[in-house]
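K.L.:
Let me give you the structure first, and then I'll get to my questions.
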Amino acid sequence: MTRFAPAGALRGSLRPPPDKSISHRAALIAAMGEGETRIEGYLDAADTRSTLAAAEALGATVAGEGTGTEWALRIAGVGLRGPRPSAIDVGNAGTLLRLLPGWLAGQEGGSWKLDGDESIRRRPVDRVAAPLREMGASVSCREDRLPPLQIRAGRLHGIEYRMPVASAQVKSCLLFAGLLAAGPTTILEPLPSRDHSERMLAAAGARIEPGEGSVTVHPADRLQPGVIAVPADISSAAFFVVAALLVGGSEVVLDDVGVNPTRTGLLTILERMGAEIEVEPLGERGGEPTGRLRVRSAPLQGTEVGGAEIPLAIDELPLVALAGCFAEGTTTIRDAAELRRKESDRIATVSTALNALGGRVEPTDDGMVIEGAGGLRGGQIDSHGDHRIAMLGAVAGLASEQGVEVRGMDAAAVSYPGFEFDLAAISGRGG
């Protein structure tokens, strides 16, 4: 158990670790590339190490060094059509599990098996398997929906695919496959999702055509990424944003944070709840807009979250639920059934955790209803091996009356190995 005691005002500034979503994509696109790609600010965490190991298993050469959670890497790619057959251990990296099959599915004559830890074996892959089969790949999985995922690559053809649920991971998988297909591949989204893959592929020389609610990728002979710079992760910054809002008298500055509009849904939601968040633009880093966030504590009002906001804040919705416990009135999260397909069933685990701390949270099929109680008492929670639940518990502890004990706090290392150190620094307890 790791205990997080109630805190006084949070003060200070920090740069959160590099963006996990962008780091995964950077390593894979570099492995697909020709020549050497330099990645500036690659996240050093358990999930992203799994992606580097996968790149090496496929034949890429990875070298580099770093300090803390940030690496400077050089990756010599194998080319779009050069990955060697191998078994891939994705560890706990769901992004890797869902993106990599797109690249491998178009390698004629090749065979790959993707598997991972106990948690990853519960995470569905049918939403990538089905469209890849439509494109001509042979893809099989346990119970037709769960890992391990076996890929017997074939000759792909472009398709027009309408995604039933907005998912940047599924979209990215099909973009990778489309690079190797005969003819264009068009993906239609019911709602916008994060567009990091489109930006990075276009910068590497792929022909990407965004449309209204769609994106089209054309076949490519080669990718040449050159240099990829990774900004700080807004999903990691989000824990400090909410901590500063909930702990009275706080003021926290977060530097060099990626503020891609497909990732800033949390900021919009919190501002509607009454948050004071200043965003100072800092230009672009690696084709991604960045900014400096200044957050001050503020009283919050309940709100409704759903529809087009969900894909723009999917990873931060547990923090919306936490904020709702401190708000006045009711906060409702709907249209978020995707939460049940994460590292844990986050509708269930968040509801259970917050209720154990004195919250009033009712889970629904596709979200949660949170009755604001003006705060949380405190208590004990279990992370269930989910990094975001572990960090949620830590933030709840700082803002609670009695503190919170988190079982399984080591899960935070999946995306933020230095989280406890940084949290202690802004709360005046270390750093």
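K.L.:
If amide H atoms are built 1.01 Å from N in the plane of the peptide, which residues on other chains or at least 5 residues away come under 5 Å of the amide H of residue 138?
P.N.:
152, 154
K.L.:
Let me ask something else about it. Counting only other residues whose beta carbon sits under 9 Å from that of residue 88, what net charge do I get with K and R as +1, D and E as -1?
P.N.:
Overall, the nearby charge balance is -1.
K.L.:
Something else: Which of 200, 391 has the fewest other C-beta atoms within 10 Å, and how do the rest follow up to the most?
P.N.:
The order, fewest Cβ neighbours first, is 200, 391.
K.L.:
Next question, about the same structure. Just for the chain, what percent of DSSP beta bridges are antiparallel, to the closest 5?
P.N.:
70
K.L.:
If you don't mind, another one. Arranged by the count of other C-beta atoms within 10 angstrom, fewest first, what order do 297, 138 take? Present the calculation step by step, with values, prior to reporting the outcome.
P.N.:
Working: 297 20, 138 13.
Fewest-to-most Cβ neighbours within 10 Å comes out as 138, 297.
K.L.:
Can you tell me what the convex hull of the Cα atoms of the range 20-220 projects to on average, as an area in nm²?
P.N.:
So the mean shadow area of the Cα hull is 9.9 nm².
K.L.:
At 20 °C and a viscosity of 1.002 mPa s, what translational diffusion coefficient does Stokes-Einstein give for the range 17-85, taking Rh as the Kirkwood radius over Cα pairs? Give it in µm²/s as a whole number.
P.N.:
185
K.L.:
Moving on to the next point. Could you give the angle, 0 to 90 degrees to the nearest 10, between helix 94-104's Cα long axis and the longest principal axis of the Cα atoms of the chain?
P.N.:
10
K.L.:
If you take the charge dipole of the chain about its Cα centre, with +1 on Lys and Arg Cβ and -1 on Asp and Glu Cβ, which of 267, 223, 192 is farthest toward its positive end?
P.N.:
223
K.L.:
Right, here's the next one. Any idea what angle helix 346-356 forms with the longest principal axis of the chain, computed on alpha-carbon atoms, 0 to 90 degrees, nearest 10?
P.N.:
For 346-356 against the chain, the angle is about 20 degrees.
K.L.:
For residue 276, enumerate residues with amide H under 5 Å from its amide H, sequence gap 5+ or separate chain, H modeled in the peptide plane.
P.N.:
296
K.L.:
Ordered by residue, what ³J(HN,Hα) values in Hz, to whole numbers, does the range 178-193 give under the Karplus form 6.51 cos²θ - 1.76 cosθ + 1.60, where θ = phi - 60° and Gly and Pro are x?
P.N.:
x, 4, 10, 8, 7, x, x, 10, 10, 10, 9, 9, x, 8, x, 10
K.L.:
Let me ask something else. List 240, 326 from most exposed to least, where exposure is judged by having the fewest other Cβ atoms within 10 Å.
P.N.:
326, 240
K.L.:
Follow-up question, since we're still on this one. About its Cα centre, how strong a charge dipole does the chain have in debye, to the nearest 20, once Lys and Arg get +1 and Asp and Glu get -1 at the Cβ?
P.N.:
Dipole about the Cα centre, nearest 20: 740 debye.
K.L.:
Moving to a separate point now. Evaluate Rg over Rh across the chain, taking Cα atoms for both radii and Kirkwood's formula for Rh. Could you put the intermediate results ahead of the total?
P.N.:
Details: Rg = 20.9 Å, Rh = 21.7 Å.
So for the chain, dividing Rg by the Kirkwood Rh gives 0.96.
K.L.:
Follow-up. Once amide H atoms are built 1.01 Å from N in the peptide plane, which residues 5 or more positions from residue 214, or in another chain, come under 5 Å H to H?
P.N.:
Amide H neighbours of residue 214: 189.
K.L.:
Taking the dipole about the Cα centre of the range 20-220, with the C-beta of Lys and Arg at +1 and of Asp and Glu at -1, give me whichever of 77, 110, 213 is farthest to the positive side.
P.N.:
Toward the positive end, the furthest listed residue is 110.
K.L.:
Putting +1 on Lys and Arg Cβ atoms and -1 on Asp and Glu Cβ atoms, find which of 421, 319, 339 reaches farthest to the positive end of the dipole of the chain.
P.N.:
After comparing all options, I get 339.
K.L.:
Give me the dipole magnitude in Debye, nearest 20, for the range 20-220 about the Cα centre, with unit charges on the beta carbon: positive for Lys and Arg, negative for Asp and Glu.
P.N.:
380
K.L.:
Tell me the net charge near residue 151. Cut-off is 13 Å between Cβ atoms, residue 151 excluded, with +1 for each Lys or Arg and -1 for each Asp or Glu.
P.N.:
Neighbourhood net charge equals +2.
Laboratory data are not the source of any read-out in this text; all were calculated from the coordinates shown. Values in this document were obtained by computation on a predicted structure and should not be read as measured data. Glycine also receives a Cβ, built like all others from the backbone with ideal geometry; neighbour counts cover every protein chain displayed.
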